[in-house]
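Working notes, structure below.
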Amino acid sequence: VLLADDDSDQLLMRSMLLSRDGFDPVEASDCESAIQMARRESPECAVVDLRFPTEELGLRTVRELKALNPAIHVLLLTGGYSDRLARMPEAALVDKILVKGNCWAELMQRLNALRIDSDSAKRM
């Protein structure tokens, strides 16, 4: 799981929690390092902060991740969901837009579902 967030505290907390739950997170604190990390690590999933540190850079990160690997699952974190965000072209590139605050349970549910799907595909 690629974690992309410019807030070092949030990045560390998510990384520690994902590691505790058996994931192998890789961290990126800016758009360029997120893209480089995706090239090097080929993650199956990315959790991207929308304001990374600006909304444009967060959306650019989503576009570039999908250009590198159209099959990557992208979960987008935002401070507040809006109809405007849902109408943006990038909304079609993400699996889910999650509102920060109480999204940890849903984030983990989605990551675990992706892990189960990936494990099933590998056994076939």
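Among beta bridges identified by DSSP and lying wholly in the chain, the antiparallel ones come to about 0 percent. Of the solvent-accessible surface of the range 42-95, computed with a 1.4 Å probe over protein heavy atoms with every protein chain present, carbon and sulfur atoms account for 55 percent. Summed over the residues of the chain and divided among them, the accessible surface reaches 55 Å² per residue at a probe radius of 1.4 Å. Helical content alone sets the calculated 222 nm signal of the chain at -16000 deg cm²/dmol, taking -39,500 (n - 2.57) per DSSP H segment of four or more residues and averaging over every residue.
Normalised by 2.2 N^0.38 Å, where N is the number of residues, the alpha-carbon radius of gyration of the range 63-115 equals 1.17.
Projected onto planes of every orientation and averaged, the convex hull of the alpha-carbon atoms in the chain covers 7.3 nm².
The values are calculated or read from the model by the stated rules, or taken from the named source; none is laboratory data. Model, not experiment: these values are computed from the prediction. Accessible surface is based on the protein model in full, side chains and every heavy atom, while ligands, DNA and RNA are left aside. Shrake-Rupley method; radii C 1.70, N 1.55, O 1.52, S 1.80 Å.
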